Amino acid sequence: MDLKPANPNERRQYYREEWNVKNIPDFILKSLIQREFGFDHMGRGPNDRYRVFQNTDFLRKFMRYRAPFAAYSSVAFYHKPRRRDGWIKAELVFDVDAKDIPIRSCGCDNVCEICLNQAKDIVHGLVDTLKGDLGLSDIHMVYSGRGYHIRVLDDQVTGVDSDVRSQIVKYLVGSDVPRSEYSLAGMKYNLEHFTIPFGYPQVFTDRVKQAILALDPSMEMDGVNQKLIRDAIKYKDFLETDDWGIFRSKIGPIRYVKLIKGIASLNLTLVDAKVSIDLKRILRLPSSLHSGVSMKCTEIKNLETFEPFEDAVPKFVYERKD
Amino acid sequence: MVSISFLNPLSPEGKDIVRELGSFEGISQDIPELRSIVTHNPSQEIADDDEIPSNYLELALKRMEWYIKKKNDREFNGRRYAFLSDSAITKYDVISFYLLCQAIGVKFGPNSRETRVMVESQGDLVRERLGKLHVDEGRMMVEQSLQLLLADDTVHWTFFEELLSSRKIRLTDLILDQGELILDQEDFLQRFGPRIKHRNPESMYQLLIGDELKELIMVKLIMQETEDYIKQVHEKARIMVEPNPILLQLAEDVAEVLSEPMQHYGYGYGSGGGGGGPMKIGPLNPLAFPPCVKKAMEGIKSGGRNDAIVLFMTPFISYARLYPDVFRMNITKRVSDQDPNLESVENEILPLIYEAAQNCVPPLFDDQPQEKVNINAKLGFGMHSSLKMEHEGETTWYTPMSCEKIKLHLPHLCHPDDVCKKIGNPLSYYNRMIWEVRRQEKESSDDGQSDDGQGKSNNDNENSTEGNLKEDSKSVNDNQSADDKKGEA
């Protein structure tokens, strides 16, 4: 499918014929008056900021008549959203952009089905950790047009500051290499991350596995030479069966440490951390049109069955003549 | 049996001791029993009678002195402070702890160097005291303390929000399941036992959690409680009419104890030694810039330009030029403290930042000229289009981002070299390398001279930080967050 931009007529058609204010998820509608809205009318960035809508009808009319190039709402809740003042709390957000996945198996220039699927796998892993390790449950997933947004609204995390959010990001993406040396009663013991089937070491193991399985010989990684990347690819089948010990010994213990350090550092870019730690960010409004690629920003009910090229394509794309 | 308050003076037992004392009356009177405990401690080494604390106030100062000397004095002798680990001093120690917190809270407030030293010293003292106990007794004390501190059997990880925020602990250090922190062995075995293959689950528990993690959490929680208590005192003191003069005097004495190593060794230099006093400041030398700054100087592509120029380059360039040892000195300053006529800012700092902005693709100010105002704001001159002294202080002079923050905010800039592995902030890289560059320059100029025996470089007066940089990735204004930035995704 050709991901070309939507023209003004197509935008107008979308907002008049296809879009419905009820398609905006409840988690946004029920806090409508506490959120700031922002719009990009010309495709040059969201310059129309500080918008507030007292009810869904005002928002409906605005979208219908202005048919913006892009629409955004704040992740933050404010007492005075028009002045971005009186910050109450902010959703905890993770932005997985298919174009920015650090190890992409497709090699495409923009986004394609392969990297969007890879992004979906990453989202799966992150959501599992949010639930299983961090015990969070009010989690919403949104297809953004070029990737995925994970939006968490559990009360336990919406009040936390940027520093705590950055710690959550690091935990989730596996950007710290877990220690392998432990001591007990004066004796030193070695426990590699892959021998610990729970907690952060398990998260790290999962992320490293995901990365190695997607490795490409042309990949560049800090502190990892091409020979090491080639070897990791050569022996990656051992990871399919979780034979980490064999994989490590084939690679060599010192080179293995280099490899996982390189991956840990790349993992930081699995999500756009700036989005996660920003307490006042605006995020693409679910249900709105991503005019840059002519796709709908869509709330996902079931990630397993969601297919962007089936569920997020506006009608006008099918009606295009060229 | 050691009292919990010996480790945590803020425990109910500790509070009872304070309640018993009642008032400040007689706080500076001699306590013969305290002198007797100190002099009869078998591990105690006494070089001079004046070293023996005679009352609560002197004991309070000894606590601070112990920490400062331990950190800074290469000839530190722990036996001269052996009494601090003697549980017989508990009731005096608890009072001296409260006096210190109150004095610091009243006079300096929670964001001061004095508070930081007090909190760190309390953490170190708890560890020291635990280390001196018998293993079983220590274990029991940790268990009891944790029971009091955690208040519940099941603890959600967000309970540690403050500790995580201040980076006293890392989320990745905790063992979590369904949002709960796992500390108890039975709980651990029940949850993870069936998943553990080829290893003994009990041994795994001992290694991963055992005494170590519990002790870490207990110490960090006590440190956090200490910090919170100082904050509380400070807030109350603001509405009080007049603070007690005894506390004000103690605060001054604490400041003196803390300033001593600045005069002798340079605070924060650690036992590794090094030059004292502030570092020599001078023209910027791009050869000493870290890889991330060099990369930013080359220009940034659309998307990361604002953060790179405003949040990253502006603090780095300004501090490297004007106040390179900010983390070592740990004293908040304004630009004009270092550059009274703003000559260096106008002629060296801004031109370099503007050059980096011009190298961006597209040039940053072409489409976002308002970012010049933001640069002024990050230098501490408020949101104004020009730098004027009357605006200074309207905003904070941002300290350089730590490597950790750069990895999060600007990952594309971070391509570490070997020196990067030893530092936690690009400014530390610069300080380390500027010394190296100067040394090389001196060597090469000496090589060019005749063989007259002057070839040995003399850096004794350079006040360099080589080899002893204490990383302080927690910047002076570290609470500066992304919350003043508004982006979109």
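The values are calculated or read from the model by the stated rules, or taken from the named source; none is laboratory data. Just so it is clear, the model here is predicted, and its values are computed rather than measured. Note that we place each Cβ from the backbone using ideal geometry, even for glycine, and neighbour counts take in every protein chain shown. Note: accessible area is taken over every heavy atom of the protein model, side chains too, but ligands, DNA and RNA are not part of it. Shrake-Rupley method; radii C 1.70, N 1.55, O 1.52, S 1.80 Å.
Mind checking which residues of the stretch B:291-317 are away from chain A (no Cβ under 14 Å), buried (at least 17 other Cβ atoms within 10 Å of the Cβ) and at pLDDT 90 or above?
Within the stretch B:291-317, B:293, B:296, B:297, B:309, B:313, B:314, B:315, B:316, B:317 meet the criteria.
Please enumerate the residues belonging to the stretch A:4-51 that are over 25 Å from the mean Cα position of the chain (by Cα), hydrophobic (A, V, I, L, M, F, W, C) and under 22 Å from residue A:299 (Cα atoms).
Within the stretch A:4-51, A:33 is the sole residue that qualifies.
Does the stretch B:331-360 hold any residues that are under 14 Å from residue B:381 (Cα atoms) and surrounded by fewer than 18 Cβ atoms within 10 Å (Cβ to Cβ), and which are they?
B:333, B:334, B:337, B:340, B:341, B:346
Give the stretch A:165-191 a look and list any residue that's at pLDDT below 95, more than 17 Å from residue A:270 (Cα to Cα) and of a type outside the set (Phe, Trp, Tyr), or say none.
A:179, A:180, A:181, A:183, A:184, A:185, A:186, A:187, A:188, A:190, A:191
Given (1) free of Cβ contacts under 8 Å to residues at least 40 places away in the same chain; (2) in the same structural domain as residue B:249 (by TED's automatic domain parsing), identify the lone condition not met by residue B:146.
(1)
Anything in the stretch A:247-271 that is part of a helix (DSSP H, G or I), more than 13 Å from residue A:210 (Cα to Cα) and among the β-branched types (Val, Ile, Thr)? List them, or say none.
Applying the first criterion (part of a helix (DSSP H, G or I)) to the stretch A:247-271 yields A:247-251, A:253-267.
Narrowing the set further to residues that are more than 13 Å from residue A:210 (Cα to Cα) leaves A:247-251, A:253-259, A:261-262, A:265.
Matches in the stretch A:247-271: A:251, A:254, A:257.
Identify, please: which residue in the stretch A:247-276 is open to solvent by 10 Å² or more (accessible area, probe 1.4 Å) and within 10 Å of another protein chain (Cβ to nearest Cβ) and is, among those, farthest from residue B:303 (Cα to Cα)?
A:265
Report, by residue number, each residue of the stretch A:170-191 that is open to solvent by less than 10 Å² (accessible area, probe 1.4 Å) and more than 7 Å from chain B (Cβ to nearest Cβ). Don't jump to the end; show me each part of the working.
Our first condition is that a residue be open to solvent by less than 10 Å² (accessible area, probe 1.4 Å); within the stretch A:170-191, this holds for A:171-174, A:191.
Within the stretch A:170-191, A:172, A:173, A:174 meet the criteria.
Yes/no matrix, rows are residues, columns are (1) out of contact with any Phe, Trp or Tyr (no Cβ under 6 Å at 6 or more places or on another chain); (2) of a type outside the set (Val, Ile, Thr); (3) not in a helix (DSSP H, G or I):
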site	(1), (2), (3)
A:5	yes, yes, yes
A:28	yes, no, no
A:38	no, yes, yes
A:45	yes, yes, yes
A:60	yes, yes, no
A:64	no, yes, no
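Could you tell me which of the residues A:282, A:260, A:300 is outside the structural domain of residue A:22 (by TED's automatic domain parsing) and either over 30 Å from residue A:88 (Cα atoms) or at pLDDT 95 or above (or both)?
From the options A:282, A:260, A:300, the qualifying one is A:260.
Would you mind finding the one in B:379, B:287 that is touching a residue at least 40 places away in the same chain (Cβ under 8 Å) and buried (at least 20 other Cβ atoms within 10 Å of the Cβ)?
On the way: B:287 fails: buried (at least 20 other Cβ atoms within 10 Å of the Cβ).
Sole residue among the options that is touching a residue at least 40 places away in the same chain (Cβ under 8 Å) and buried (at least 20 other Cβ atoms within 10 Å of the Cβ): B:379.
May I ask you to list the residues in the stretch B:162-192 that are touching a Phe, Trp or Tyr at 6+ places or on another chain (Cβ under 9 Å) and either at the interface with chain A (Cβ under 7 Å from one of its Cβ atoms) or over 29 Å from residue A:166 (Cβ atoms) (or both)? Explain how you work it out, then say what you get.
Initially, the stretch B:162-192 is screened for residues touching a Phe, Trp or Tyr at 6+ places or on another chain (Cβ under 9 Å), giving B:164, B:168-177, B:179-182, B:185, B:188-189, B:191-192.
Those that are touching a Phe, Trp or Tyr at 6+ places or on another chain (Cβ under 9 Å) and either at the interface with chain A (Cβ under 7 Å from one of its Cβ atoms) or over 29 Å from residue A:166 (Cβ atoms) (or both): B:164, B:170, B:171, B:172, B:175, B:176, B:177, B:179, B:180, B:185, B:189, B:192.
For the stretch A:63-92, what are the residues that are under 20 Å from residue A:6 (Cβ atoms) and either without any contact (Cβ under 8 Å) to a residue 12 or more places away in the chain or in contact with a Cys (Cβ under 7 Å, 6 or more places away or on another chain) (or both)?
A:65
So in the stretch B:373-402, with the set limited to residues that are in contact with a helix residue (DSSP H, G or I) (Cβ under 7 Å, 6 or more places away or on another chain) and assigned to a helix (DSSP H, G or I), which one is farthest from the other protein chains (Cβ to nearest Cβ)?
B:389
Do you know which residues across the stretch B:33-48 are open to solvent by less than 60 Å² (accessible area, probe 1.4 Å) and either in contact with a Cys (Cβ under 8 Å, 6 or more places away or on another chain) or of a type in the set (D, E, K, R) (or both)?
none
Can residue A:95 be described as at the interface with chain B (Cβ under 9 Å from one of its Cβ atoms), within 18 Å of residue A:263 (Cα to Cα), open to solvent by less than 50 Å² (accessible area, probe 1.4 Å) and touching a residue at least 24 places away in the same chain (Cβ under 8 Å)?
Against the criterion (at the interface with chain B (Cβ under 9 Å from one of its Cβ atoms), within 18 Å of residue A:263 (Cα to Cα), open to solvent by less than 50 Å² (accessible area, probe 1.4 Å) and touching a residue at least 24 places away in the same chain (Cβ under 8 Å)), residue A:95 does not qualify.
Looking at the stretch A:141-153, which of its residues are within 9 Å of chain B (Cβ to nearest Cβ) and not small (Gly, Ala, Ser)?
A:149
Being under 20 Å from the mean Cα position of the chain (by Cα), among the hydrophobic types (A, V, I, L, M, F, W, C) and within 12 Å of chain A (Cβ to nearest Cβ): is that true of residue B:423 here?
On the way: under 20 Å from the mean Cα position of the chain (by Cα): yes; among the hydrophobic types (A, V, I, L, M, F, W, C): yes; within 12 Å of chain A (Cβ to nearest Cβ): no.
Taking the combined requirement at face value, the residue does not satisfy it.
Yes or no: residue B:446 modelled with pLDDT under 75, open to solvent by less than 40 Å² (accessible area, probe 1.4 Å), over 30 Å from residue A:74 (Cβ atoms) and not in a loop (DSSP other than H, G, I, E, B)? I'd like the intermediate steps shown before the answer.
Details: modelled with pLDDT under 75: yes; open to solvent by less than 40 Å² (accessible area, probe 1.4 Å): yes; over 30 Å from residue A:74 (Cβ atoms): yes; not in a loop (DSSP other than H, G, I, E, B): yes.
The answer is yes for residue B:446.
Applying the selection to the stretch B:131-148, what residues are open to solvent by less than 20 Å² (accessible area, probe 1.4 Å) and more than 15 Å from residue B:210 (Cα to Cα)?
Correct list: B:145 only.
Run down A:138, A:109 and say which single residue is away from chain B (no Cβ under 11 Å), out of contact with any His (no Cβ under 9 Å at 6 or more places or on another chain) and without any contact (Cβ under 8 Å) to a residue 12 or more places away in the chain.
Unique residue meeting the criteria: A:109.
Quick one: in the stretch A:219-246, which of the residues that are of a type in the set (A, V, I, L, M) and assigned to a helix (DSSP H, G or I) is farthest from the chain's Cα centre (by Cα)?
Checked the stretch A:219-246; the qualifying residue farthest from the chain's Cα centre (by Cα) is A:246.
Could you check how many residues of the stretch B:71-103 are part of a helix (DSSP H, G or I) and either among the hydroxyl-bearing types (Ser, Thr, Tyr) or without any contact (Cβ under 8 Å) to a residue 60 or more places away in the chain (or both)?
Total satisfying the criteria: 15.
Can you name the residue in the stretch B:193-241 that is over 22 Å from residue B:146 (Cβ atoms), charged (D, E, K, R) and within 14 Å of chain A (Cβ to nearest Cβ) and is also most open to solvent (accessible area, probe 1.4 Å) among such residues?
Step by step, filter the stretch B:193-241, then rank; the result is B:197.
Where residues in the stretch A:44-75 are among the charged types (D, E, K, R) and away from every other protein chain (no Cβ under 14 Å), which of them is nearest to residue A:18 (Cα to Cα)? Before you say what the answer is, go through the steps one by one.
First, the residues of the stretch A:44-75 that are among the charged types (D, E, K, R): A:44, A:48-49, A:51, A:57, A:60-61, A:64, A:66.
From the residues that got through so far, the ones that are away from every other protein chain (no Cβ under 14 Å) too are A:57, A:60-61, A:64, A:66.
On the way: A:57: 16, A:60: 12, A:61: 14, A:64: 10, A:66: 15 Å.
Restricting to residues being among the charged types (D, E, K, R) and away from every other protein chain (no Cβ under 14 Å), the top hit is A:64.
The conditions are (1) within 14 Å of chain B (Cβ to nearest Cβ); (2) open to solvent by less than 20 Å² (accessible area, probe 1.4 Å); (3) without any contact (Cβ under 8 Å) to a residue 40 or more places away in the chain; (4) in a helix (DSSP H, G or I), and residue A:203 fails exactly one of them. Which is it?
All conditions pass for residue A:203, except number (3).
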